[in-house]
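Below is one structure, written out as structure tokens; the observations come after it.
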Amino acid sequence: MTKKTEIKKVRCNICSAGCPIDAYVQDGKLLSVEGSRDWPGQQGGLCSKGAASRQYVYNKDRILYPMKRVGERGSGEFERISWEEAYAMIANNLLRIREKYGSQSTVFYAGYPKWYRPALLRLANAYGSPNYCTESSTCFQSAAMAWRSIYGNNICFPDMMHAKTVLVWSNNLYYSNISMAPMYQSLKERGVNIISVDPRETVTSQAADLHLKLIPGTDGALALSMGQVIIEENLYDHEFVEKYVYGFEEYRAYVQQFKPEKAAEITGLDADLIRQAARIYAKNSPAAVMFSASPVVHHINGMQNYRAVMCLIALTGNYDIPGGNPSRPGPASPCNEYMGNVKRLNAIEAIGEKEFPAWFDLPCEEAQCSRLADNILEAQPYPIKAVVGFGLNCRMWPEPEHLQKALGTLDFYVNTDLFLSDSSKMADLVLPAASTFERDVVVNGRGGMFFLSEQAIPPLGDAKNDVEIMIGMLNAMHLTDEALGQGYEHYMDYILQPSGLTIQELREHPEGVKGKVIIPPEFKTYEKNGFATPSGKVEFVSQVLERYRDSHGYSGLPEYRDYRQMSGVDQIEYPYILNTGSRKPQFFHSRTYRMPWLANLEQAPLVELHPEDAAALGVEEGEQVKVTSPAGSMCGTAVLCSNGRPGVIHIYHGNPKGEANDLISKDYLDPISGFPGYKSYFCKVEKVVAGA
């Protein structure tokens, strides 16, 4: 008798796009996957990562049971234990450390995925630690800080459906958020003006009317120059600026330093192209700016660069209007917990607070952990004795081995993960996380819709979903939390409360349910509410940053400082700009290198060289090269790519055969946000001669 095949509705969680999947399941086994066709915004099809989901779920590196270290740290020698033993081990160690060193001595860290973060913050709060941290210490939060320093609220993403002009600033959505591709394609059909700012030619930039292919890390100079043109040609919104902008006169005076001819020298762009972009954006309203999470801020001048970009929205009156960057609230949803319903404890100084004070003032609601290794090794600002990690992966940090060394000195380190990564091998205890196919998760979508990404198969081995593991830790330590204290089912109902829905309603309606509590869209909310900034206005001169002018050298203006002058690197010895992290369609950081379908697409680490640079170095396609920076070196295969600029070397990160982040100095950080300069360090390239 043929067994019945079921179709389960699952949200992919391999990357951050969260595409809907139809999972074909038979007898508790995942047979195959395809993109859903009956979910809003999804027309079927999957990217290469989603298509390899079976290799993700049934991967040889999956952690299947709680395991206690029995060998040296880093050896990968573990023995299986029960969940009861694991929870007892966690409780005994964390309570002992809290009693001896204080609650601040334990760091709670969330890597990837992101759905469980509010729960981990709740666990950290229940324990009493101010040191709740996430991978956003090197990803999204710098962009969010830049926005808050100007507008005081959370980032207002573009209303592209009603825009006449879309300014895409360093975002290649065809690789990073492919579900948005149909909307982007529709812009051309509607005759929308598209401007793309990107140091590389991408699928996204090819569809633009204008591509500003600037030198990496010079975004601020370009944005300030566009502002100068808009003001000089009287294209700015006088009424909005006069009523709602603080610091405009200082900004007006400052941008005079960045006339297009000067900006052309800095950015490598043609001055007339800069003028053309400024005019298109300012004259064809409503105009929207499409941001990216991290490319602009992965420079040591990154946060100020993004502030310069974000000022253009207010300068042209495109803030909080249809077709611009509206601040309209969305439906009540579980994601509201990300937006501040759960606050980080701040009665005790957190790691990073002295070095990066604006991070905490703006605020990010998490500690800044880009210097976690130094915090541990130097016992600053106090001893760090334990780390509770969920998806902690050293490859997020520059000089990853520096963090590995620090993890090896801890009194206690537990990591929950899908895979036995290098950082998991350093742990005293590793715990098995369930994949997205092995758990129920509440998902909110467009138009106030809510869905249940349903468990498609039983968890492999003894795996549990991350929040269930946190609940186990909470109970083992006899801590209390209103959302977590009554189990995972209660937690899902708790986070659904603002929507007026229950988890049972979502179970009964796999097609999704519209929230019962919907906040209707509003525009120009500042007219009655003002702005949540110290001045109550849009701050072209940030009063928060000005507080630290004397102590930290911050400027309230979106000041452009050139990383080539800031770096302290000898650029005669290291003449090439080293750029890492630009998306590839088959990779998502380091996690997809373990999937054979994807890893086999690149047999070796690729070092992308412009043909002009390759010719100067005497390097041909496919030859081995050695890339060296002040921080380290690695070898890879030369690939000639003309999509970038001469003088820029690009290497994708996360490859265990050659890690680009080994080349980035751990101290090469943005002084305001603490973000590493992944996209503009310096290196030299040498041809590897066989037998030499």
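Rule-based calculations on the coordinates, nothing more; no lab input. Since the model is a prediction, treat every value here as computed from it, not as a measurement. Cβ placement follows ideal geometry from the backbone for every residue including glycine, while neighbour counts extend to all protein chains displayed.
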Legend entry - region 112-171 and region 218-240: distance between their alpha carbon centers, rounded to Å: 26 Å
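Output the relative contact order of the chain, whole-number percent, from Cα pairs under 8 angstrom with separation of 6+ residues. Mind showing how you got there, number by number?
Details: 1499 pairs, mean separation 131.1, N = 692.
That works out to 19 percent.
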Inset, instruction - Please report the relative contact order for region 157-326, taking Cα pairs under 8 Å with a sequence separation of at least 6, and give it as a percent rounded to a whole number. - result: 35 percent
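Given the Cα-Cα distance of Gln624 and Phe157 and 0.36 nm per residue of separation, how much length would full extension add, in nm?
Numbers: separation 467, 0.36 × 467 = 168.12 nm, distance 4.25 nm.
Taking 0.36 nm per residue and subtracting the Cα distance, the gain is 163.9 nm.
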Legend entry - Nearby aspartates and glutamates by direct alpha-carbon distance to Lys524 (threshold 15 angstrom, same-chain neighbours under 8 apart not counted): Asp159, Asp237, Glu239, Asp320
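Using a simple charge model, +1 on the beta-carbon of Lys and Arg, -1 on the beta-carbon of Asp and Glu, nothing else, what dipole does the chain show about its Cα centre, in debye to the nearest 20? The partial results should precede the final answer.
On the way: 68 positive and 80 negative charges, 194 e Å.
Value, rounded to 20: 940 debye.
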Inset, instruction - For region 157-326, report the translational diffusion coefficient in µm²/s to the nearest whole number, using Stokes-Einstein at 10 °C, 1.306 mPa s, and a Kirkwood Rh over Cα pairs. - result: 101 µm²/s
Legend entry - Estimated distance in nm for a label pair at Asp562 and His490, the labels positioned 7 Å out from Cα along Cα-to-Cβ: 6.1 nm
Inset, instruction - Set the Förster radius R0 to 22 Å, insert the Cβ-Cβ distance between Asn341 and Ser535 as r into 1/(1 + (r/R0)^6), and round the FRET efficiency to 0.05. - result: 0.25
Legend entry - Beta bridge orientation in the chain: antiparallel %, DSSP, nearest 5: 50 percent
Inset, instruction - Averaging sequence separations of C-alpha pairs under 8 Å and six or more residues apart, then dividing by the length of region 564-687, give the relative contact order as a whole percent. - result: 38 percent
Inset, instruction - Provide the gained length on full extension for the span Gln504 to Arg446, in nm with one decimal, where the gain is 0.36 nm per separating residue minus the Cα-Cα distance. - result: 18.8 nm
Inset, instruction - Find, among the trypsin sites (Lys or Arg not before Pro) in region 1-87, those assigned to loop by DSSP (not H, G, I, E, B) with at most 16 other beta-carbon atoms within 10 angstrom. - result: Lys3, Lys4, Arg37, Lys60
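Can you say what percent of the DSSP beta bridges in region 555-692, counting only those with both residues inside, are antiparallel? Round to 5. Don't skip to the end; give the middle numbers.
Values: 15 of 23 bridges.
The answer is about 65 percent antiparallel.
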Legend entry - DSSP-assigned coil residues among trypsin sites (Lys or Arg not before Pro) in region 564-661, each with at most 15 further Cβ atoms within 10 Å: Lys657
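Looking at the square roots a ≥ b ≥ c of the eigenvalues of the Cα gyration tensor of region 523-603, which shape do they give, rounded for a/c under 1.5, prolate if a/b is larger than b/c, or oblate?
Values: a/c = 3.91, a/b = 1.54, b/c = 2.54.
Since a/c reaches 1.5 but b/c is at least a/b, the shape of region 523-603 is classed as oblate.
For region 6-56, what mean projected area does the convex hull of the alpha carbons give, in nm²? Spell out each step's value before the answer.
Numbers: hull surface 13.2 nm².
That works out to 3.3 nm².
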Inset, instruction - Would you kindly compute the Cα radius of gyration of the chain and its largest Cα-Cα separation (Dmax), both in Å? - result: 24.9, 80
Legend entry - Cleavage-rule hits (GluC sites (Glu not before Pro)) in region 84-160: DSSP loop, at most 10 neighbouring Cβ within 10 angstrom: none
Legend entry - Label zone at Arg96 (point 7 Å along Cα-to-Cβ), backbone N below 12 Å, region 405-421: 411-413
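Translational diffusion coefficient of region 564-687 at 25 °C, 0.890 mPa s, Stokes-Einstein with Kirkwood Rh over Cα pairs, in µm²/s as a whole number. If you can, show how the numbers build up before the last one.
Details: Rh = 14.8 Å.
Here the translational diffusion coefficient equals 166 µm²/s.
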Inset, instruction - Just grab the label-to-label distance for Gln497 and Glu261, each label 7 Å out from Cα along the Cβ direction, in nm (one decimal). - result: 6.4 nm
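Calculate, for Ser32 and Val688, the FRET efficiency according to 1/(1 + (r/R0)^6) with r their C-beta to C-beta distance and R0 51 Å; round to the nearest 0.05.
Working: r = 42 Å, r/R0 = 0.82.
Between Ser32 and Val688 the formula returns 0.75.
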Inset, instruction - Give the share of C-alpha pairs in each 10 angstrom bin for region 79-222, from 0 to the last occupied bin, in whole percents, shortest bins first. - result: 9, 24, 27, 15, 14, 9, 1
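Only bridges with both residues in region 153-242 count here: give the DSSP antiparallel percent, nearest 5. Let's see the in-between values first.
On the way: 0 of 8 bridges.
Antiparallel bridges make up about 0 percent of those DSSP assigns within region 153-242.
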Inset, instruction - With a point put 7 Å past each Cα toward its Cβ, work out how far Asn643 is from Ala253 in nm, to one decimal. - result: 4.5 nm
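Would you mind checking the pairs Lys9/Lys68; Lys385/Lys584; Lys405/Lys679; Lys114/Lys425; Lys213/Lys262 and listing those with alpha carbons more than 27 angstrom apart?
Lys9/Lys68; Lys385/Lys584
Please compute the length gained on full extension between Trp597 and Glu233, using 0.36 nm multiplied by the number of residues separating them and subtracting their Cα-Cα distance.
On the way: separation 364, 0.36 × 364 = 131.04 nm, distance 5.36 nm.
Value of the extension gain: 125.7 nm.
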Legend entry - Spherically averaged projected area in nm², based on the convex hull that wraps the Cα atoms of region 381-445: 6.3 nm²
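Report the FRET efficiency, 1/(1 + (r/R0)^6), for Glu401 and Asp570, where r is their Cβ-Cβ distance and R0 is 25 Å, rounded to 0.05. If you can, show how the numbers build up before the last one.
Values: r = 24 Å, r/R0 = 0.95.
According to the calculation, E is roughly 0.60.
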Legend entry - Cα-Cα P(r), region 599-638, percent of pairs per 10 Å interval: 28, 51, 21, 1
